[in-house]
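Rule-based calculations on the coordinates, nothing more; no lab input. Being a predicted model, the structure only gives us computed values, none of them experimental. Virtual Cβ from ideal backbone geometry, glycine too; neighbours counted across all protein chains shown.
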Amino acid sequence: MRSIKTLLADVWRLSIPYFRGEDRWAGLLLLAIVVSLEFAWVGVTVLLNKWNNAFYDAIQQKDFPAFQHQLLIFCIYVVGAIVVAVYQIYLRQWLEIRWRTWMTEKYLSAWLKGDTHYRMRLKGDTADNPDQRIAEDIRSYISSTITLFLGILNAVTSLASFAIILWGLSGDFRFHVAGHEIAIPGYLVWAAFAYAAVGTWLTHLIGRVLIKLNYDQQKFEADYRVDLVRVRENGEEIALMDGENVEKARLLDRFGRVVHNYWGLMIAQKRLTWFTAGYGQISDIFPIIVVAPAYFSGAIQLGQLMQTASAFGRVQGSFSFFINAYQTLAEWRSVVDRLVGFERSVALTQAEALSSDYRRGETRDGTALSLDDTEVRLPDGSTLVSVDGVKVRPGEAVLLSGPSGTGKSTLIRAMSGIWPYGRGMVSVAPGAKVLSLPQKPYLPVGSLRGALAYPEPLADHTDDQLRQVLADVGLGAFAGRLDETALWSNLMSGGERQRFAIGRALLMKPDVLLLDEATSALDEPAEAALYRLIRERLPHTAIVSVGHRTSLIGFHDRQLLLTRAAGGPAQLAAAE
């Protein structure tokens, strides 16, 4: 179990950047107001505690005018309490959404910076389910942190306020030992402390297992959701292979982990609830039992009994904060661990990227793309492809061929600058725009216009340009649906998605275009028509294509073969 000091250090590192960031003044102002309202709430409870004395004395003495007067005072206090409660919730939620907005933007920027999200996936997502870290854990962390902070503040303030009251009401507890009289001043304060201390210790012994169980529950739930999404996204492939039973079994296995861990949570929470529920019920009557002897002896009136019982309850409740909040604390601690793990994984991934032996440079001899003394490696460090002295001129088209498994697609990723494993120099012309089209294009959810222009701003292209491009690539039927929002990857066939991606290339007019089997879903006549269109519309673009069909040779200026000798990396050579 991590130490409290380490936990607080992690919380400080997660929280303090917001209150030092660009939104700090609004955040600090809202926090100050919320804290002030928390003090006001404690102030109202102190006034109500004093009101108890006068109110119950009026009842005991059957003083009806005094009773009416105290009811009027109670109404005033209640109105004030309602105002404080309403604005405390409202302003707290305001602070939460501002803090969450800032933290979400920070985490998204870090995750998406420099292909970090892609590199983390290649490493196996060492911070499991980063999407959940951003979507769920940030929200939970901020809400729980504010809840616990205000809870501790309330407990400390209430303790300071009511301990003074209770100390004054307690008097001395006197008893004789060996003929000597011993007096314990403020004995009710010490009784409340002892009662809560024992309860806190027992609560921790019973409930500490909840920390790991909550951590695992979030992980298993996220894994299950991710697998459900994958089934939805790959529904066609699963249906074609009649794989529903296998997927059902796999999903039920994932769900079984959720259920198994949840049973553990239920059992742990049941054990904790047995104790905390009993503790809470006894807490209601314990102060009355402690103070009752003084009342029945006539030393105090009913009003003082109720005021003392109320003050004792507040003091004991303040001491018992960690008992009442233990479940929240356990969940909060697991969220802190997950966010810290995510931050460390992102930082480690970015540090590895900075220390990579790959270098991205600029060509000086007028070539659009060049690879010099470059090795493309696998994550385990073994060399997959070795390339040296390859140059592609502007307007030149090069076909990259070779047997499956020789590393053609990985070499394309290295050319595009996203593959992190290897060494050497990959250079492009100064200011060159590089576009890589994979075999399975990405179509974001949203309008068709936005999907076609992706990732460029919509303002860069007119509707006439978008419609013309759709018609040119054989998707004229979609030209009237530019404003329609849909999950386009499900509405288009594989061939249509590849045509759509070629349309993007025609819009962007990149200086370097990398095609990784980007037309493999099309028949040869359709593929030939698209290559002719690319060469016609992008005459100055350097093109590197990966493909297996011999029909592609005629659309390229030269062909490079990737072959591997026994036991060594693949080498690139000109085709004969």
>> Give the lysines whose C-alpha is closer than 30 Å to that of residue 408, dropping any in the same chain fewer than 8 places away, or say none.
In response: 113, 123, 391, 433, 440, 509
> From the square roots a ≥ b ≥ c of the eigenvalues of the alpha-carbon gyration tensor of the chain, which class results: rounded (a/c under 1.5), prolate (a/b over b/c), or oblate?
Replying inline: prolate
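In a shell of Cβ-Cβ distance under 14 Å around residue 382, excluding residue 382 itself, what net charge do Lys and Arg (+1) and Asp and Glu (-1) give?
Net local charge, residue 382 excluded: +1.
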> Quick one: net charge of residue 451's neighbours, Cβ under 11 Å, K/R +1, D/E -1?
Replying inline: +3
>> At a 10 Å Cβ-Cβ cut-off, how would you order 561, 515, fewest neighbours first?
In response: 561, 515
> Within the chain, which complete DSSP H helices have Cα atoms spanning at least 27 Å along the helix axis and a mean Kyte-Doolittle hydropathy of 1.0 or higher?
Replying inline: 138-170, 187-207
>> List the lysines whose Cα sits under 19 Å from the Cα of residue 5, skipping any in the same chain fewer than 8 residues away.
In response: 212
> Which percent, nearest 5, of DSSP beta bridges in segment 360-574 are antiparallel?
Replying inline: 50 percent
>> List the residues, sorted by chain then number, that are 5 or more residues from residue 559 or on another chain and whose placed amide H is less than 5 Å from its amide H.
In response: 399, 575
>> Once you order the gyration tensor axes a ≥ b ≥ c over the Cα atoms, which shape class does segment 333-482 get: rounded for a/c under 1.5, otherwise prolate or oblate by comparing a/b with b/c?
In response: oblate
> If we count every other residue with Cβ under 14 angstrom of residue 530's Cβ, Lys/Arg +1 and Asp/Glu -1, where does the sum land?
Replying inline: 0
> To the nearest Å, what is the center-to-center distance of segment 279-316 and segment 4-70, using C-alpha atoms only?
Replying inline: 23 Å
> To the nearest 20 debye, what charge dipole does the chain have about its Cα centre, counting +1 at the Cβ of each Lys and Arg and -1 at the Cβ of each Asp and Glu?
Replying inline: 1000 debye
